[in-house]
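The block underneath contains the structure these notes are about, expressed in structure tokens.
The values are calculated or read from the model by the stated rules, or taken from the named source; none is laboratory data. Nothing here was measured: the structure is a model prediction, and the numbers come from that model. Ligands, DNA and RNA are excluded from the accessible area calculation, which covers all protein heavy atoms including side chains. Shrake-Rupley method; radii C 1.70, N 1.55, O 1.52, S 1.80 Å.
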Amino acid sequence: MRLIPAIDLRAGRCVRLLQGDFSAETRYDTEPLELLARYRAFGADWLHIVDLDGARDGSGGNRAVITALAAELGIKLQVGGGLRDLASVQEMLELGAARAVVGSAAMTEPAEVRRWLHRFGGDRIALAFDVRLDEAGTPCVATHGWLRQSTLSLWGAVDEFADAGLKHVLCTDVSRDGALSGPNLALYAEAVRRYPQVAWQASGGIREARDLYALADCGAAAAISGKALLEERIPIEELGPFLPNA
């Protein structure tokens, strides 16, 4: 399993939200390029970038920062946030992102997103499904920067793309995001059981190296971590097994 550090951008700065709440923001003094250099030195070969301004209102205010990050050598970017039409996806890939992460559009325009998967290939398009568990424990998808909640299950959402060349799915349990409460292991184990052909990226709740080993045991292909790495809560020597260039 690969550890992919995450950088969330708002107005060009590194931030973290608690459970997707824009009013519960923690801003960090570290500059995005400085953070990329730190993670690259640790041995990371991928970086996950979330454009929070794009996710919330579709604005492109972080494009200059993303372009600068993508120009750095030795690390690939997957970038999401506000990629809701073909033009924005194509622009992100042309800016240098190795993979575009598509979220809300996969719910609102599934036929169009299927065309993107066919056009760019499953390695360059990842789908992001952010979920909250309903009263029955079913993971249901939230959209538009987590501001809108649907009744569609994660399983129904993935089924829509099962025959469209889908390879990468990033799944975040919103209730765990930024909370350092541990990942939802049952969710990812069930996801891998249902769709073993998908490379699942687990996001939300990672707090210690033990969580990474547990996610690997679940069959996750990658783990996304933001806050725990930003705040250096996990000793670097414990991250080595999950960083390809360590």
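Annotations
- Quotient of C-alpha Rg and 2.2 N^0.38 Å, computed over the chain: 0.91
- For the chain, the solvent-accessible area of protein heavy atoms averages 41 Å² per residue (probe radius 1.4 Å; ligands and nucleic acids excluded).
- Diffusion of the stretch 148-187 by Stokes-Einstein, at 10 °C in a medium of 1.306 mPa s and with Rh set to the Kirkwood radius over alpha-carbon pairs, works out to 131 µm²/s.
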